[in-house]
Structures are given as structure tokens and as C-alpha cells.
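A.B. asks: Handing you a structure now.
The values are calculated or read from the model by the stated rules, or taken from the named source; none is laboratory data. Note that this is a predicted model, so its numbers are computed, not measured. Here the Cβ positions follow ideal geometry from the backbone for every residue, glycine too, while neighbour counts run over all protein chains shown. We work out accessible area using only protein heavy atoms, side chains counted, and drop any ligands, DNA or RNA first. Shrake-Rupley method; radii C 1.70, N 1.55, O 1.52, S 1.80 Å.
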Amino acid sequence: MPQIPEKIHELTVGQLAARSGAAVSALHFYESKGLISSRRTSGNQRRFSRDALRRVAFVRAAQRVGIPLATIREALAELPEGRTPTRDDWARLSESWRSELDERIKQLNRLRDHLTDCIGCGCLSLDTCVLSNPDDAFGERRAGSRLMVERREPTTRPKRPSPTRDRETECCD
């Protein structure tokens, strides 16, 4: 990995990519989403301040745990521009994500624990399908394997007889 001398205060996009491990295209994307910023030289080349290294590391760590980019952008907006985020910054910002991550972990554990109960048919009439119909929420509103489409009044065109069952309202339980 190329070392950047201390006296260099700005990085090219290639240097930032090499040091951060992020692809140049990812850095351009992060910039377009307001996660990092650069200035343009007179030759229209991007130059990133050194604090962009820590910001990219922050973005990538947050993405790895499933935090949406919009939430990451809001968190980074709380930091002063031009300052490298510190360990305390990360602790403060990541604490606000803890409950969201705990809920996601709970949902994933529920999915894992009940995956073998699912027959994968998309049936919403099962009493306790924890994947497609947790707590039989759809069963309280309507019957059938899927939410039935409201029947429209007949039009001038006669309805064709169907040799097979109506797939919209059939029940697969």
C-alpha cells in the first residue's frame, strides 16, 4: 500500500482508493451521495482532504452492518467538515443505530428459526406462517391464499370460462 507523506494534505482519487480499499467508482458514488467531498483543481481533477480516509472507513464499516446510506450521510453531517472522525465520534453515532440493529437481528433470528416451517408457496392463509404472514395478520382481513382482488362489475365483454381454478383466489393450504 502506498504511503502518503505527512506533508501532502490532499489525495487524488487513486490515492484515496489505494489507501481505503474502495474502488474509484465507489468513491465517486460516495461523493455523489454526499458522504465525502472533494475540491476540483484547475485541471478539473478531484482532490480529497486526508480526513476522507477516515470517512470512507466509517461509511464502509456502517455499510457492513447494514446501515442505509441515507442514515450514514445524516451521521456524517453531524461531524465538522475537514476533521477526521474520532473513536468518540464513531461510538456516539453508532450508539444511535444499536436499536435498529437489535431489531434486525431479532427478525433474522426469527427467520432462521422458522425457515423450515415455510413451505415456500406464498400462502397467506396458514394460521401461523411466520415468514409470509406473521401472527396471521392477513387472515383477520380476508380468506384465501393471497389477498383477493376486488371483483369488478361485469363489463360488456362476457367472461371466458376457465378450465382451471382461479389462481387469484385459490387456497393452497
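A.B. asks: Taking the solvent-accessible surface of protein heavy atoms with a 1.4 Å probe, what is the per residue accessible area of segment 3-68 in Å²?
C.D. replies: Ligands and nucleic acids excluded, the result is 54 Å² per residue.
A.B. asks: Then there's this: Which of rounded, prolate or oblate describes segment 1-102 when judged by the alpha-carbon gyration tensor and an a/c cut-off of 1.5? Show your work: numbers first, answer last.
C.D. replies: On the way: a/c = 1.95, a/b = 1.78, b/c = 1.09.
Prolate is the answer for segment 1-102, as a/c is 1.5 or above and a/b outweighs b/c.
A.B. asks: So if we plug the beta-carbon distance of Arg92 and Ala23 into 1/(1 + (r/R0)^6) with R0 = 25 Å, what FRET efficiency do we get, rounded to 0.05?
C.D. replies: 0.30
A.B. asks: With a 1.4 Å probe and every protein chain kept in, tell me what percent of the accessible surface of segment 45-84 is carbon plus sulfur. Mind showing how you got there, number by number?
C.D. replies: Values: 950 of 2040 Å².
That share works out to 47 percent.
A.B. asks: What is the Rg over Rh value, at two decimals, for segment 47-92, using alpha-carbon atoms and the Kirkwood definition of Rh?
C.D. replies: Details: Rg = 10.1 Å, Rh = 10.9 Å.
Rg/Rh for segment 47-92 comes to 0.93.
A.B. asks: How much length, in nm to one decimal, is gained on full extension between Glu81 and Leu111, taken as 0.36 nm per residue of separation minus their Cα-Cα distance?
C.D. replies: Values: separation 30, 0.36 × 30 = 10.80 nm, distance 4.09 nm.
In short, 6.7 nm is gained.
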